[in-house]
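Read through the structure below, which is laid out as structure tokens, and then see the notes.
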Amino acid sequence: MSADPADQAKRLAAARALELVGPGMKLGLGTGSTAKHFVDLLGIRVRDGLKVVGVPTSEATRAQAESLGIPLTTLEETPELDLTIDGADEFDPQLRLIKGGGGALLREKIVASASKRMVVITDNSKRVATLGRFPLPVEVVRFGLEATRRRIIRDAVRYGCEGEVVLRPGKDGRPFVTDEGHHILDCRFGQLPDPDGLASALVAIPGVVEHGLFIGLACAVFVADLSGVVVEGNPG
């Protein structure tokens, strides 16, 4: 196990969430550093004989799952899932989330929405009283990018949000491109006083594909530190 305490906590949360998985389940497989631990641990269970099938939320997760021998399907073949396990960049007391730091928010939201339950696994650093410490990602089409960016800035003011809205760079210095071929605008608004209203406003903007506010999707959050795992909400 990693010597990094935060990484150890993530693995503890992933191990606890794995207890929810039973034979025959159809699973959504999340993206990011915490979800990666879950997929690793699931791979061990599959190797030991557990029969499940998964839908990955990114090409990175697909490659990881395939390398571990986890059987995969698609939402075309399996449009209804039993459970999605994924991480989050932030969560608040109402289990509202900010996701998309890894750039997979669109597929993550589609998979979560297709699932009977979504359970989030995090370390304690992701807990906030009010969402917004982590910049809010918004996935946008390339056409009309600057017009879309300005509309986001203008509409966000109505919900108490002001700050920089910047195009996310990739590792090569060029604009980051999602698995679906879009760009991401990171909104550095600080605290979001009305995340529900902001979510509705953003998705109504032409050019916005999806945003990283996950509201009403998570039924529980497994929060870990080195002392153990706390469950918030009802994992079912």
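The values are calculated or read from the model by the stated rules, or taken from the named source; none is laboratory data. Keep in mind it's a predicted model, so treat the numbers as computed, not measured. Because the Cβ atoms are built from the backbone with ideal geometry, glycine has one as well, and the counts that use them run over all protein chains shown.
Exactly one residue out of Val208, Val221, Val203 is of a type in the set (A, V, I, L, M), at pLDDT 95 or above, within 20 Å of the chain's Cα centre (by Cα) and surrounded by fewer than 14 Cβ atoms within 10 Å (Cβ to Cβ): that is Val203.
Could you pull out every one of the strands (runs of 3 or more DSSP E) wholly within the stretch 115-176 that has 3 or more residues that are within 26 Å of Ala17 (Cα to Cα)? Walk me through it before giving the result.
On the way: elements: 115-123, 136-140, 164-167.
So the answer is 115-123.
Hey, any hits in the stretch 146-160 for a residue that's outside the structural domain of Leu42 (by TED's automatic domain parsing), on the phi > 0 side of the Ramachandran plot and in contact with a strand residue (DSSP E or B) (Cβ under 9 Å, 6 or more places away or on another chain)? No, every residue in the stretch 146-160 fails to be outside the structural domain of Leu42 (by TED's automatic domain parsing), on the phi > 0 side of the Ramachandran plot and in contact with a strand residue (DSSP E or B) (Cβ under 9 Å, 6 or more places away or on another chain). Could you give me the residue pairs with C-beta distances under 6 Å whose first residue belongs to the stretch 75-99 and is under 18 Å from Ser58 (Cα atoms), whose second residue is of a type in the set (Phe, Trp, Tyr) and crowded, with 24+ Cβ neighbours inside 10 Å wherever it lies, and which are 6+ apart or on separate chains? Close Cβ pairs (under 6 Å, with a partner that is of a type in the set (Phe, Trp, Tyr) and crowded, with 24+ Cβ neighbours inside 10 Å) amount to Ile85/Phe38; Lys99/Phe214. If we scan the stretch 25-46, do we find a residue that is assigned to a loop (DSSP other than H, G, I, E, B) and of a type in the set (S, T, N, Q)? Yes, the stretch 25-46 contains a residue that is assigned to a loop (DSSP other than H, G, I, E, B) and of a type in the set (S, T, N, Q). Looking at Gly69, Gly102, just one residue is in a loop (DSSP other than H, G, I, E, B), closer than 26 Å to Pro5 by Cβ and touching a Gly at 6+ places or on another chain (Cβ under 8 Å), and that residue is Gly102. Filtered by the rule that a residue be touching a Leu at 6+ places or on another chain (Cβ under 6 Å) and within 20 Å of Ala13 (Cβ to Cβ), the stretch 121-136 gives a lone residue, Leu131.
The residue of the stretch 1-24 that is modelled with the highest pLDDT, among those that are assigned to a loop (DSSP other than H, G, I, E, B) and among the charged types (D, E, K, R), is Glu19.
Residues of the stretch 164-186 that are closer than 23 Å to Arg133 by Cβ and surrounded by fewer than 16 Cβ atoms within 10 Å (Cβ to Cβ): Glu164, Val166, Leu167, Pro169. Residues that are more than 30 Å from Gln8 (Cα to Cα) and of a type in the set (Lys, Arg) occur in the stretch 168-187; there is at least one.
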